[in-house]
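Single-structure report; data block below.
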Amino acid sequence: MRPDDESRGMALKYLEISGGRPLFGEIQIQGSKNAALPILVSCILSEGTCRIENCPEIKDVEDTLQIMRELGCSTKRSGRTVYVNTSGISGWEIRATEASRIRSSVLFLGALLGRMGKAALPMPGGCAIGSRPVDLHQKALEQMGAVFRNGDQIQAECPLIQGGRIRLPFPSVGATENCLLACVLAKGESWIENPAREPEIDELCGFLNLRGARITRRADGSLRIQGVSRLEPGVWQIQADRIVAGTYLMAAACTGGSLCVSGCSRESLGAAAEVLRQMGAQVQNQEKRWAVAVRERLKGVPYIETRPYPEFPTDLQSPLMTALSVASGRSRIRETIFENRFSTAWELHKMGARIRVEGNLACIDGVRRLRGARIQAPDLRGGAALVLAGLQAEGITRIERTEYIERGYEDICRDLGSVGARIRVVQDAGG
Ligand code: UD1
């Protein structure tokens, strides 16, 4: 979804970056957005209060909490700790506009079916990075006995969820999470074949198991869920956000700096680290600490494609595009997950990048230096990629539509400013 022009007539907010300074230092990485969202939604599967620690202070989390309040939950935030009390949950219908703003609202489908046997919610929103249908979610839940009613909204009913064998034709992250949420309280045993393997899925399983669920992942990746009759509330600490960490490592690489980030496991950043090494960066990892250092101009990568975990993530494709646009030689990126994820290229052109897009393939001829320009964030990760471009560019870059970036980054100015970037938020009263 492209945000409407609610900002028209109001103060215009934008980021202003004065480029050309290498980043040096260390950044503590915020909690993971993609782990926090399903974990919060899963709270509604039990009665009582769950405590979620290290929950990132971002717009998508606030929207999720607003939907939970509409369902009758009470929520409280104290810094990065969020308390969700689900005892007052009464409804199964979501009308909140927040639900049509974020993609992850679709996860309420599985959770409400699991807890209430019924669910109704608007079609989910999210970044305009592709068509993002929900057919895989629907087909998987139908295999468990859910009956859907067609209409403008998603409506489903399933008084008794039956365990069974579910095979996903594609390892969709959201569809895997929806199945898990619906299966944990199902009657009997369920198998999810070809599920997503992203670390955020295992984190969700960890939280559900802590509360009494019985989920195991087999060596072939499939998930086995033995249904239980109830879940208890629980306490959980969200892992660091591997996409934010990867974005910052690439920011340091683009600017020829050296940076440490902490909190992410070896596996979770493995593919991104490998690409940075191919580009000539020195990347080191010790336990959950990562360091990147770049002493020479980055080298292009002949060919890379985005793939489901553990391969190179689509969420880091845009930041990588920025890095490759200033690397030597020709690089090519194939985007295989979201078809519209090259909008960043059009904004990078305004900064002097040489990128040719043909379908899902981007061909990038690196330039030495980008130049500052007035540009707009096209989506969440694309917006972050433009910040990286601004840090590398000569002169001043002004990035509008920062609301996209706020959906996933707690405070990109605080983080990058602490390691030497000249970046600030400007409120332009004139609009
Ligand atoms: C999640 C992440 C997002 C990440 C993406 C892929 C969250 C909150 N978001 O999104 O950051 O970029 O995984 O790693 O965790 N698809 C269908 N039908 C469906 C569902 C998906 O065709 O019913 C397609 C999508 O259009 C897309 C692909 O499958 O082309 C991947 O989607 P999916 O893995 O479901 O991504 P999300 O869960 O939306």
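The values are calculated or read from the model by the stated rules, or taken from the named source; none is laboratory data. Being a predicted model, the structure only gives us computed values, none of them experimental. Cβ placement follows ideal geometry from the backbone for every residue including glycine, while neighbour counts extend to all protein chains displayed.
At-a-glance table
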| item | result |
| --- | --- |
| Qualifying residue in the range 205-213 (condition: touching a Gly at 6+ places or on another chain (Cβ under 6 Å), under 30 Å from Arg295 (Cα atoms) and touching a residue at least 60 places away in the same chain (Cβ under 8 Å)) | no |
| Residue list for the range 332-348, restricted to those being within 14 Å of the ligand (Cβ to nearest atom) and of a type in the set (D, E, K, R) | Arg334, Glu335, Glu339, Arg341 |
| Total residues in the range 298-317, condition more than 16 Å from the ligand (Cβ to nearest atom) and farther than 15 Å from Leu249 by Cα | 5 |
| Per-region count, the range 317-361, residues polar (S, T, N, Q) and closer than 18 Å to Ala377 by Cβ | 7 |
| Residues (buried (at least 20 other Cβ atoms within 10 Å of the Cβ) and outside any strand (DSSP E or B)) located in the range 318-337 | Ser318, Pro319, Leu320, Met321, Thr322, Ala323, Leu324, Ser325, Val326, Ala327, Glu335 |
| Matching entry among Arg369, Arg414, Arg398, Arg381 (being part of a helix (DSSP H, G or I) and surrounded by fewer than 20 Cβ atoms within 10 Å (Cβ to Cβ)) | Arg414 |
| Criterion (on the phi > 0 side of the Ramachandran plot and either touching a residue at least 60 places away in the same chain (Cβ under 8 Å) or touching a Cys at 6+ places or on another chain (Cβ under 9 Å) (or both)) met by exactly one of Gly420, Gly390 | Gly420 |
| Given (1) of a type outside the set (Gly, Ala, Ser); (2) more than 16 Å from the ligand (Cβ to nearest atom); (3) modelled with pLDDT of 95 or more, number of the condition Leu320 does not satisfy | (2) |
| Residue selected from the range 114-131 under the condition more than 11 Å from the ligand (Cβ to nearest atom) and surrounded by fewer than 20 Cβ atoms within 10 Å (Cβ to Cβ), by the criterion modelled with the lowest pLDDT | Ala128 |
| Residue match in the range 282-294 (condition: modelled with pLDDT of 95 or more and either within 16 Å of the ligand (Cβ to nearest atom) or in contact with a Gly (Cβ under 6 Å, 6 or more places away or on another chain) (or both)) | yes |
| Members of the range 157-171 found to be within 16 Å of the ligand (Cβ to nearest atom) and surrounded by fewer than 22 Cβ atoms within 10 Å (Cβ to Cβ), listed by number | Arg167, Leu168, Pro169, Phe170, Pro171 |
| Segments classed as helices (runs of 4 or more DSSP H), wholly inside the range 174-293, with at least 3 members that are touching a Phe, Trp or Tyr at 6+ places or on another chain (Cβ under 9 Å) and surrounded by fewer than 23 Cβ atoms within 10 Å (Cβ to Cβ) | 199-210, 270-278 |
| So Arg224, is it of a type in the set (Lys, Arg) and closer than 18 Å to Ala272 by Cα | no |
| Tabulated pairs, the range 181-204, first among the acidic types (Asp, Glu), second within 14 Å of the ligand (Cβ to nearest atom) and part of a helix (DSSP H, G or I), C-beta under 6 angstrom, 6+ apart or interchain | Glu198/Val173; Glu200/Asn34; Glu200/Ala35; Glu203/Ala35 |
| So Arg2, is it under 18 Å from Ile405 (Cα atoms), at pLDDT below 95, basic (Lys, Arg) and within 16 Å of the ligand (Cβ to nearest atom) | no |
| The lone exception for Cys179 - which of (1) within 12 Å of the ligand (Cβ to nearest atom); (2) out of contact with any Gly (no Cβ under 7 Å at 6 or more places or on another chain) it fails | (2) |
| Some residue of the range 357-364 being within 16 Å of the ligand (Cβ to nearest atom), free of Cβ contacts under 8 Å to residues at least 40 places away in the same chain, part of a loop (DSSP other than H, G, I, E, B) and not polar (S, T, N, Q) | yes |
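Residues are listed down the side, and each one gets a yes or a no for (1) at pLDDT below 95; (2) in a helix (DSSP H, G or I); (3) in contact with an Asp or Glu (Cβ under 7 Å, 6 or more places away or on another chain):
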position	(1), (2), (3)
Glu339	yes, no, no
Glu347	no, yes, no
Ile375	no, no, yes
Leu388	no, yes, no
